[in-house]
Amino acid sequence: MPVGDELRHVMELDRVLHEPARLLIIVILALEERASFADLLRLTGMSNGNLHNHLRRLDQAGYVEAESAYRGKREYTIWQLSEVGRSAFEIYQQRMKAVCQLVDGLTTS
């Protein structure tokens, strides 16, 4: 079974992005470009605290950026992928595709 180095793609997956809740946030931001905290709450189904913690972790990694805006007197936060986050997500997708192709090749042989 000649899979040695190819399987290392699994070990190279970005652990920040690979966590399902954070991956969902990244996918939403990749598709929507920008989303408010309220939008992310609705789209993810997470609790306020859970979403906040995952956004904080993504922010610490430099993958998302926050911008404050106002609707009347009410402040709200708009989130978007940073260039670093977009690049990390593209690399993540490439590595996942490589792993899937490897598995497909092994199971169809």
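We did not get these values from a lab; they are worked out from the coordinates using the rules stated. Please read all numbers here as calculations on a predicted model, not as lab measurements. Counting neighbours? That spans all protein chains shown, and the Cβs are built from the backbone with ideal geometry, glycine included.
Helical runs assigned H by DSSP (4 residues or longer) give the chain a calculated mean residue ellipticity at 222 nm of -19000 deg cm²/dmol, each run adding -39500 (n - 2.57) before division by the residue total.
Note on Tyr76 and Arg15: their simple-model spin labels are 3.5 nm apart, each label 7 Å out from Cα toward Cβ.
From the P(r) of segment 4-103, could you give the percentage of C-alpha pairs in the tail past 22 Å? Write down the numbers at each step before the final one.
Values: 1658 of 4950 pairs.
Cα-Cα pairs in segment 4-103 separated by more than 22 Å: 33 percent.
For the pair Val84 and Asp39 in one chain, pulling the backbone fully straight at 0.36 nm per residue adds 14.0 nm over the alpha carbon distance. At 0.890 mPa s and 25 °C, plugging the Kirkwood radius over alpha-carbon pairs of segment 63-109 into Stokes-Einstein gives what diffusion coefficient in µm²/s? Approximately 182 µm²/s, per Stokes-Einstein.
Using R₀ = 30 Å, calculate the FRET efficiency as 1/(1 + (r/R₀)^6) where r is the Cβ-Cβ separation of Asp59 and Gln94; round to 0.05. Don't skip to the answer; put the middle values down first.
On the way: r = 24 Å, r/R0 = 0.79.
FRET efficiency, Asp59 to Gln94: 0.80.
Determine the relative contact order of segment 4-103: mean sequence separation of Cα pairs under 8 Å and six or more apart, normalised by residue count, in whole percent. Each step should come with its number before you reach the end.
Values: 102 pairs, mean separation 36.2, N = 100.
Computed over segment 4-103, the figure is 36 percent.
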